[in-house]
Amino acid sequence: MGASDFSKLPHIGESVRRKEDYRFLTGAGQYTDDINLPNQRYAVFVRSPHAHASITAIDTAKASAMPGVHRVFTGKDVEGKMGGLPCGWLITSTDGQPMKEPPHPILAQGKVRYVGDHVAMVVADTLEQAKNAAEAVDVSYDVLPAVVSVRDAATATALHEAAPDNRCYKWAIGDKAAVDAVFAKAHHITKLDLTNQRLVANPMEPRAAIGSFNRANDEYTLYVSNQNPHVERLLMTAFVLGLPEHKVRVIAPDVGGGFGAKIFLYAEDVALTWAAKQLNCAIKWTCDRSEAFLCDAQGRDHVSHAEMAMDAQGKFLALRVKTDANLGAYLSTFSTAVPTILYATLLAGQYTTPQVYVEVDAWFTNTAPVDAYRGAGRPEATYMLERLVTRCAWEMNLSQDEIRERNFITTFPYQTPVALQYDTGDYVGALHKANALADVKGFDARRKASEAKGLRRGMGYSSYIEACGIAPSNIAGALGARAGLFECGEIRVHPTGSVTVFTGSHSHGQGHETTFAQVVAARLGIPVENVDVVHGDTGRVPFGMGTYGSRSISVGGAAIMKALDKIEAKAKKIAAHLMEAGDGDVEFANGEFTIKGTDKKVAFGQVALTAYVPHNYPLDKLEPGLNETAFYDPTNFTFPAGTYIAEVEVDPATGVVRIDRFTAVDDFGTIINPMIVEGQVHGGLVQGIGQALMENCVYDKDSGQLLTGSFMDYAMPRADDLPQFTLDTVCTPCTHNPLGTKGCGEAGAIGSPPAVINAVLDALKPLGVKDLDMPASPSRVWEAIQAARP
Ligand code: MCN
């Protein structure tokens, strides 16, 4: 079935209420920490208090003798018994030097490299006993100099022997010589230096895991708050523990948000699983919030310089970008792909810039590992580009509309100079719709009204594009990644015609149990209530690559569509048998099989029953059952895009920024469930606005201590920091997946930061403020105003 026919089916585009909300709203959800297994103990990790140090001794005698303590595991216990954490998607350096892949041990081996690094694991009968014993583990350290910023990394004490200058890799994309030649002749060059600050993901449910072992069958089970249980199992068995995969079951039950931080294989998960066999028990660990600040993988942390070459009309001729990316102390699972494949390839944006050259240096520092966080690379690209485009307009005396419309891509497919081919889009349409909804025409009057109150008002634009549906194997491979990411779906039609869907996607707030059920119900012509969705369990779902990169509906949903094609094909044969017709004469629509040109028909339920209760079944042509599995590897990314307009009021006396209006017009192709999509955009916008105005993960420059290790210091946005959002969409269906969908889960976080900062800068322009880094906190804004004073 084509995407166009699919979009017209019942339930598609319907705001079906979320099936999963009943259990969440009635407290019946089951998160990892809610689960308790027989013979369960508790683990607590002893973590490094230093950012960089040699471990000279670990004395576990006192801790081991404390009440309830079963074992204190240290680096020595795991040394030689397991590998280190793998870094999965390693990209290939482009400077001829191999990428530095230093070991990432499960428990520290002689050295710690960030505050929170895992030194020992204590297992005791109760959590209190484990905590007390952890405090009694006596670790002696020789403290070494620490480095936290990419600016200082090259000259700092090396973290790893494998990387003496702390550089992990150098990577570039684009034609440098061609770009330099254009710059040499450009009419005007706009330049920008900026920092994309480090963020902490902070899902509502902190990470948690229970490792268990069954001696009877030599099988492990790991319950874990994770976004991709099959990948977790694959990495843990193949790279770290050397176990046959079928001996480990990973279950990610209800997960209270992830935002990227739960995609990765973490040391705690491995340690618990391994130790469960050593102690022949179940071992639970629940991360507390302070621990999460220290040791969850963090996001962003780029320092960049960008230049745009233009002709006299403001037409973009070439873009040149140099970025230094902070990878933290160790490589996390996907970390190397973030500042490269997921960042640099998006720097063409929505524009026809003929030449783009991006150079990335990635560095180790004594900070928590940095990896994907909602948007992963694409917010960094959008922030860079949309700040630059806004500045280009200011320097060329063009309006924000003019600079964009002169450079927007308007014909598709469009091949960018940085590897991607956009299939569809309507960038002009989204801009015009956003202008109308934001009442741009009324802005001057509102600005005057603000000025009359002693306030400054500004308006900021951001026209973002992202690559979702991560990741087509062919494109990922061409860009140097070692693996692409397909998805798997299984449709099990039961004899009564109800359906269970097994998907490799994982829902941790995105509402898949509803939207995936809508897709199946639409295709089979059955009620949404008759479809249940199972995910998050390697013991029940055939395989899966999980949820991130806004891939679930476009890749996981497409796998389900492929399985449904097989179901339909087989069901048609059964229907043909029932109606004594040829297979080719059967048509299927609205839950009924019919024979062309006759009034013969059978219902889907009757066909399902026949599949399991065969009567006079042509066994030579058909096997019983109605159960199909499909794997889907996309041929391209999906390219959601849109224009966001923020309008802010700034109090120059205090530096306080208030967002007065925020308009977001997105293109997500065909939309399955508008209510869920709107919720996803809301969540993304809040995270993006949080980055723009409040959130900032700060390490002390000298000691490497995390200074923002609690919600007292790390400001999260709350409802009263936000305006009522005005949302709308344009629709250009994706051309290469059978649903026509483009991902929506990250758009808000990608598009909003530059819109907000551009608005703040627009407001402060009359005061002489030319630049501002995120977060635009009151103190920063106030300081910028003071610094700009003549
Ligand atoms: N959808 C739709 N029509 C479309 C696109 C999507 O109806 N055209 C629906 C989907 O069916 C799905 C939801 O919207 O129910 C999101 O779909 P999609 O864009 O495919 O994104 P994913 O499901 O793959 O979710 C991943 C994305 C990412 S990468 C992060 S990070 C993120 C996010 O989703 N983390 C979240 N949203 C989150 N929401 C919550 N509550 N918690 C998180 O941790």
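Structure above, values below:
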quantity	calculated
Other-chain or far-sequence residues with amide H under 5 Å of VAL248's (modelled H)	TYR220
Loop sites in the range 121-164: GluC sites (Glu not before Pro), DSSP, at most 10 other Cβ within 10 Å	GLU161
Point-to-point label distance, GLU395-PHE24, nm (Cα→Cβ direction, 7 Å offset)	4.5
Extension gain from GLN421 to ALA162, taking 0.36 nm per residue of separation minus the Cα-Cα distance	89.6 nm
q = 0.14, 0.24, 0.33, 0.34 Å⁻¹: log10 I(q)/I(0) that the Debye formula gives for the range 428-468, counting C-alpha atoms only	-0.44, -0.84, -1.10, -1.13
Relative contact order [Cα under 8 Å, 6+ residues apart], the chain, whole percent	16
Stretchable slack from ALA61 to ALA478, in nm (0.36 nm times residue separation minus alpha-carbon distance)	144.8 nm
Potential extension, LYS600-VAL534 segment - 0.36 nm per residue separation minus Cα distance	20.2 nm
In the range 572-620, the trypsin sites (Lys or Arg not before Pro) that fall in loop regions by DSSP, at most 14 other Cβ within 10 Å	LYS596
Sequence-separation-based contact order of the range 1-146, relative, with Cα cut under 8 Å and 6+ spacing, percent	39
Estimated FRET transfer efficiency (MET716, LYS131; beta-carbon r; R0 30 Å; 0.05)	0.70
Positive minus negative residues near ILE659 (Lys, Arg vs Asp, Glu; Cβ under 9 Å)	-2
Entries in LYS322/LYS742; LYS19/LYS562; LYS76/LYS247; LYS8/LYS742; LYS572/LYS596 that, when Cα-Cα distance is taken, lie over 20 Å	LYS322/LYS742; LYS19/LYS562; LYS76/LYS247
The range 618-710: relative contact order in percent, alpha carbon pairs under 8 Å with at least 6 residues between	16
Local net charge near LYS315, Cβ-Cβ under 13 Å (Lys/Arg +1, Asp/Glu -1)	-1
Mean-position separation - Cα centroids, the range 732-775 and the range 546-615, in angstrom	42
Kyte-Doolittle at least 0.5, axis length at least 24 Å by Cα - qualifying DSSP helices, the chain	674-693, 747-764
Those residues of the range 339-383 whose amide nitrogen sits under 16 Å from the label point placed on LYS170, 7 Å along Cα→Cβ	358-364
Within the chain, helix-based [θ] at 222 nm, where runs of 4 or more DSSP H residues each add -39,500 (n - 2.57), nearest 500	-8000 deg cm²/dmol
Euclidean distance of C-alpha centroids, the range 7-76 and the range 122-200, integer Å	26
Nitroxide proxy distance, nm - points 7 Å out along Cα→Cβ at ILE35 and SER779	4.3
Summed side-chain charge close to ASP254 - residues other than ASP254 whose Cβ falls under 10 Å, Lys, Arg +1, Asp, Glu -1	-2
Calculated FRET efficiency for the pair ASP142/LYS76, C-beta based, R₀ 25 Å, to 0.05	0.90
In nm, spacing of pseudo-spin labels at GLN705 and THR726 (7 Å Cα→C-beta vector)	4.8
Two-site FRET efficiency, SER4 against ASP311, from Cβ-Cβ distance with R₀ of 35 Å, rounded to 0.05	0.30
Ranked packing of 72-78, 284-290, most packed first, by mean Cβ within 10 Å	72-78, 284-290
Restricting the range 444-538 to GluC sites (Glu not before Pro) in coil, as DSSP defines it, with at most 16 other Cβ within 10 Å	none
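Each value in this text was obtained by applying a stated rule to the coordinates, not by laboratory testing. Because the structure is a prediction, the values reported are computed rather than measured. Please note: Cβ atoms are built from the backbone with ideal geometry, for glycine as well, and neighbour counts cover all protein chains shown.
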